Amino acid sequence: MIKGSCCCGAVKFELTSAPSMMGTCHCSRCRKLGASTLVFADQKSFNLLQGQEFIQKYEPAPPFSYVRTFCKKCGTALGEIGSESESFPIPVNCLDDDPEIRNQFHVFVSSKPVWYEICDAAQQFQENPA
Ligand SMILES: [Zn+2]
Ligand SMILES: [Zn+2]
């Protein structure tokens, strides 16, 4: 069981199995949200334990399409919690336990700020490989 929560503890969740992958996104959106390294959780493994009322959706203006959520009490980025996709991203920062996997790739490396140095050997993509 992998537990997760926001900074203030209002939102708590658990993953009943290890996430399928971990990747780091260097796009300006993820950077602003402070949520660059993400794990992809299987919908079936995700249980919200408390704090549904604190989960605020941020609907982006086009051309951006990904809905992001955050805790409206403390501002912690919660990725796409509440998504109906089979698998959805959660910032690894929210996890309280070891997700049992390590960073496997970097995407949008072309948007990476100069002050951020990639220090692992994970595969790099200039944009989104998908
Ligand atoms: Zn919070
Ligand atoms: Zn991104």
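If I model the chain as equal point scatterers sitting on the Cα atoms and use the Debye formula, what is log10 I(q)/I(0) at q = 0.19, 0.21 Å⁻¹? Each listed q maps to, in turn, -1.11, -1.32.
Within the chain, 27, 94, 119 have no other Cys Cβ under 4.7 Å of their Cβ and so lack a disulfide-compatible partner by this rule.
Strictly over 18 Å apart at the Cα level, which of 32/72; 32/112; 72/112 would you flag in this model? Among 32/72; 32/112; 72/112, the Cα-Cα distance tops 18 Å for 72/112. The Stokes-Einstein estimate for region 89-128, based on a Kirkwood radius over Cα pairs and taken at 37 °C with 0.692 mPa s viscosity, is a diffusion coefficient of 278 µm²/s. Of the residues 54, 88, ranked by 1.4 Å probe accessible area with the largest first, the sequence reads 54, 88.
In the complete set of protein chains, residue-level accessible area for residue 30 is approximately 10 Å², probe 1.4 angstrom.
The values are calculated or read from the model by the stated rules, or taken from the named source; none is laboratory data. Bear in mind the structure is a predicted one, so any value in this text is a computation, not a measurement. Cβ coordinates were reconstructed from backbone atoms using ideal geometry, including for glycine residues, and neighbour counts include every protein chain displayed. Note: accessible area is taken over every heavy atom of the protein model, side chains too, but ligands, DNA and RNA are not part of it. Shrake-Rupley method; radii C 1.70, N 1.55, O 1.52, S 1.80 Å.
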